[in-house]
Amino acid sequence: MHSLKVLALFVFAVVLISACGVTKRGADFTAPISSENARAIETGVSSWYGPNFHGKLTANGEVYDMDGVTAAHRTLPFGTILLVENLDNGKTVQVRVNDRGPYAKNRIIDLSKGAAEQIDMIGPGTARVRLYLIKGDLENSRITDIKVPTYTVQLGSYKKRSQAEETSSKIKGSRIENIQVNRETFYRVYFGTYTDPDKARKEMERLNRMGYACFVKQIENN
């Protein structure tokens, strides 16, 4: 009887160890992020930016770290995760959008220096790339054209909706939008939507002449 108990315990231990091994191996089979299991959203020329911007604020309020793996894009919502493939050498890097740009013509994305190093484009300065969406919801964002940013004129930002309504009531055609910033709700008064920043600036100047302190801002797509 004692021998049978020992044998039973031995078999149980073997089964337990095997089960743990299977669980661990299963965890190792997580599919890697690659261009084969991601959605391609844009193809064009990439550039990179570094020392002249290091330590300065990005468009989403972060401090720019040129050695990090981030990127500037004209329209994609902040926090979007992209896989950037260098079409000249096949190398890839995963980046997070935290800034706006590039503003040079015929370029679709600006990589941080750290990201550019990973796909060997520091020397050439630019590279042909394809962008793959890893994390982000473009369908429910305000994006109508991924290549074209949109602008508006901001007339005020308030913690109380009643204050925003008071300002908006004085300006025909203005609108109020609820904006979340660090889990806090702000009520912002906007006027107009423009794809031409010059038209937005002209409207801002008209409102300034009417006595309203306002400014042009790019509409974020979150």
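The values are calculated or read from the model by the stated rules, or taken from the named source; none is laboratory data. Here the structure is a predicted model, which is why all the values come from computation and not from measurement. So basically every Cβ, Gly included, is an ideal-geometry build from the backbone, and we count neighbours across all protein chains shown. Surface accessibility is based on the protein's heavy atoms, side chains included, excluding ligands, DNA and RNA. Shrake-Rupley method; radii C 1.70, N 1.55, O 1.52, S 1.80 Å.
Restricting attention to the stretch 171-200, the residues being open to solvent by less than 60 Å² (accessible area, probe 1.4 Å) and either among the polar types (S, T, N, Q) or touching a helix residue (DSSP H, G or I) at 6+ places or on another chain (Cβ under 6 Å) (or both) number 7.
Taking the criterion of being of a type outside the set (A, V, I, L, M) and either open to solvent by less than 20 Å² (accessible area, probe 1.4 Å) or in contact (Cβ under 8 Å) with a residue 40 or more places away in the chain (or both), the residues of the stretch 117-136 that qualify are Gln118, Gly125, Thr126, Arg128, Arg130, Tyr132, Lys135, Gly136. Just so you know, in the stretch 85-116 the residues that are under 13 Å from Asp67 (Cα atoms) and in contact (Cβ under 8 Å) with a residue 60 or more places away in the chain include one that is surrounded by the fewest Cβ atoms within 10 Å (Cβ to Cβ), and it is Lys113.
Identify all residues within the stretch 73-84 that are over 15 Å from Tyr132 (Cβ atoms) and open to solvent by less than 20 Å² (accessible area, probe 1.4 Å); write none if there are none.
If we filter the stretch 73-84 for residues that are over 15 Å from Tyr132 (Cβ atoms), which is where we start, we get 74-75, 77-79.
Selection gives Thr75, Pro77.
Yes or no: the stretch 57-72 includes at least one residue that is under 23 Å from Ala38 (Cα atoms) and not small (Gly, Ala, Ser). For the stretch 57-72, residues under 23 Å from Ala38 (Cα atoms) and not small (Gly, Ala, Ser): present.
Residue check: Ser46 meets all listed conditions (1) hydroxyl-bearing (Ser, Thr, Tyr); (2) open to solvent by less than 20 Å² (accessible area, probe 1.4 Å); (3) without any contact (Cβ under 8 Å) to a residue 60 or more places away in the chain; (4) in contact with a strand residue (DSSP E or B) (Cβ under 6 Å, 6 or more places away or on another chain) but one, namely (3).
Only residues that are among the small types (Gly, Ala, Ser) and either touching a His at 6+ places or on another chain (Cβ under 7 Å) or loosely packed, with under 15 Cβ neighbours inside 10 Å (or both) were counted in the stretch 158-170, giving 2. Scanning the stretch 37-49 for residues that are at pLDDT 90 or above and not polar (S, T, N, Q) turns up Ala40, Ile41, Glu42, Gly44, Val45, Trp48, Tyr49. Considering only residues in the stretch 57-72 that are assigned to a loop (DSSP other than H, G, I, E, B) and at pLDDT below 95, the one that is surrounded by the fewest Cβ atoms within 10 Å (Cβ to Cβ) turns out to be Gly61.
In the stretch 166-185, the condition of being modelled with pLDDT of 95 or more, over 26 Å from Glu203 (Cβ atoms) and among the basic types (Lys, Arg) is met by no residue. Among residues of the stretch 167-182 that are in contact (Cβ under 8 Å) with a residue 24 or more places away in the chain, none has a beta-carbon under 6 Å from a residue that is acidic (Asp, Glu) and surrounded by 12 or more Cβ atoms within 10 Å (Cβ to Cβ) at least six positions away or on a different chain.
Give the stretch 79-92 a look and list any residue that's touching a strand residue (DSSP E or B) at 6+ places or on another chain (Cβ under 6 Å) and under 21 Å from Asn60 (Cα atoms), or say none.
Thr80, Ile81, Leu82, Leu83, Val84
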